[in-house]
Amino acid sequence: MSWPGVIHAYLPYLPFAADTPIITLNEGNTPLIRADRLAEAIAPKAGLQLYLKYEGLNPTGSFKDRGMTAAITQAVAEGAKTVICASTGNTAASAAAYAARAGLRCLVLVPEGKIALGKLAASLAYGAEVISIAGSFDDGLNLVCEIVRRQPIALVNSINPWRLEGQKTAAFEICDQLGGRAPDWHCLPVGNAGNISAYWLGYRQYGKGLPRLLGGQASGAAPIVLGRVVEKPETLATAIRIGNPARWQQALAALDESGGIITAVSDDDILQSWRLLARLEGVFVEPASATGLAALKQQIALGEIDPVGKTAVCVLTGHGLKDPATAVAHANPPHTLPADITALEAYLQR
Ligand SMILES: *Cc1c(COP(=O)(O)O)cnc(C)c1O
């Protein structure tokens, strides 16, 4: 593997000319972390080889950077001066960073009051024009699709095919990191369904074997599981608070071709898996990122997935610092003591 950045590393697998100027922040090359304590917790004595693909370690803290290097590189190649997206937050932060690097104007539409603090802070810091709309992510996506039909602006949501081209590189990395093979199960959260579609493209193209896909949706925002649009999606996992996924049909095809499963997990299940990741393995993610693990845990408990001797990868899509408010709200508050050795010793011996 050579770096910097996913386009450079996997250029023969991507539809870019070798001389295209690449806009990159050296994204990708994220760790695949073996998680033995977690494997034992969700499948005792099964010999499950569980791995965590820690996508929160990308430059802006989510996997969106893989797709954004490709989308912004292509936008610049086509002469765009302005880019736009609708976002639950991570796409906004990523678009803002890559647009800054390319010297483009960047507009992001976010659902009012439903964007996690770290995502808002980053989007503003990178200099994006953040437009808070009184509506959902789905309303925002409809608006940006309409504006790009009227104005010469590039759309960088995952309906832009270049996003998927960049994101599929994570499947290549996983195969490389597992020594040239795909896992048995590939587990991830599903929101707009761009990522699950991109992984499937990647596994098929790379030719190192195919996993079965396990997609997790939050039960309050589970249109693909229910088979119908959810008008008012609700979940504390704001990154997947989406009621009408743009890549719905493509995700269904990927699930079908892989012999996969899509399932809904409650917010409590998501929080429980989020806690397990941090406490058993020292990996802090934003809540949505724990949904793939929650789905795996659920399917093993239901007997739908046999973990014995299997390899499973859970994609951890975003960093825990993205959403500090939810993290603090669902943890025990800190202890308060006087600044005094007796008090500290007494506390220790409780
Ligand atoms: C975008 C995002 C998702 C959902 O990915 P889709 O491609 O929309 O299905 C999940 N988790 C995090 C942290 C995200 O930012």
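When shorter helices are ignored and each DSSP H run of at least 4 residues is given -39500 (n - 2.57), the per-residue value for the chain at 222 nm works out to -12000 deg cm²/dmol. For segment 212-350, the square roots a ≥ b ≥ c of the C-alpha gyration tensor eigenvalues yield an a/c of 1.5 or more together with a/b exceeding b/c, which makes the shape prolate. Too long at a 28 Å Cα-Cα cut-off: which of 208/322; 64/208; 45/322? From 208/322; 64/208; 45/322, over 28 Å: 208/322; 45/322.
Near residue 56, within a Cβ-to-Cβ distance under 9 Å, what is the net charge of the other residues, with Lys and Arg +1 and Asp and Glu -1? Kindly include the intermediate steps, with their values, before the conclusion.
Numbers: positive: 322; negative: 55, 286.
In short, -1.
For segment 1-97, the list of trypsin sites (Lys or Arg not before Pro) that fall in a loop by DSSP and count at most 11 other C-beta atoms within 10 angstrom reads 45. The residues packed around residue 290, meaning those with a beta-carbon under 15 Å from its beta-carbon, carry a net charge of -1 if Lys and Arg are +1 and Asp and Glu are -1. For segment 275-341 and segment 122-180, what is the separation of their Cα centres, given in Å? Between the Cα centre of segment 275-341 and that of segment 122-180, the gap is 25 Å.
Taking the Cβ of residue 337 as the centre, find all other residues whose Cβ is under 15 Å away and add up their charges (Lys, Arg: +1; Asp, Glu: -1). Let's see the in-between values first.
On the way: positive: 350; negative: 340, 345.
After counting each charged neighbour, the total is -1.
Listed here are the pairs 81/114; 114/232; 53/310; which of them are more than 18 Å apart at the Cα? Result: 81/114 exceed 18 Å. Here 293, 255 are placed in order of increasing Cβ neighbour count within 10 Å, fewest first, which gives 255, 293.
Each semi-axis of the equivalent ellipsoid for segment 64-160 is √(5λ) with λ an eigenvalue of the Cα gyration tensor; in descending order they amount to 19, 15, 11 Å. Applying the Karplus relation 6.51 cos²θ - 1.76 cosθ + 1.60 with θ = phi - 60° to segment 23-33 yields 3J(HN,Hα) values of 9, 9, 10, 6, 5, x, 6, 7, x, 9, 9 Hz, where x marks Gly and Pro. Among 191, 56, 209, the largest mean-square fluctuation in a Gaussian network model of the chain (Cα springs under 10 Å) belongs to 209. With the Cα gyration tensor of segment 232-300 giving a ≥ b ≥ c as the square roots of its eigenvalues, does the rule (a/c under 1.5 for rounded; else a/b larger than b/c for prolate; else oblate) give rounded, prolate or oblate? Since a/c reaches 1.5 but b/c is at least a/b, the shape of segment 232-300 is classed as oblate.
One quarter of the convex hull surface, Cα atoms only: what value does that give for segment 105-245 in nm²?
On the way: hull surface 39.0 nm².
Taking a quarter of the hull surface, the average projection is 9.8 nm².
Taking the Cα centre of the chain as origin and assigning +1 to Lys and Arg Cβ atoms and -1 to Asp and Glu Cβ atoms, the resulting dipole is close to 360 debye. Across the chain, counting alpha-carbon atoms alone, Rg and Dmax equal 20.1, 70 Å. Of the GluC sites (Glu not before Pro) found in segment 257-338, those that fall in a DSSP loop while having at most 11 other beta-carbon atoms within 10 Å are 304. Taking 0.36 nm per residue of separation and subtracting the current Cα-Cα distance, fully stretching the chain between residue 82 and residue 205 would add 41.1 nm.
Every read-out reported here was derived from the displayed coordinates using simple, explicitly stated rules and does not represent laboratory data. Note that the structure is predicted; figures quoted are calculated from it, not measured. Note that each Cβ is placed from the backbone with ideal geometry, even for glycine, and that neighbours are counted across all protein chains shown.
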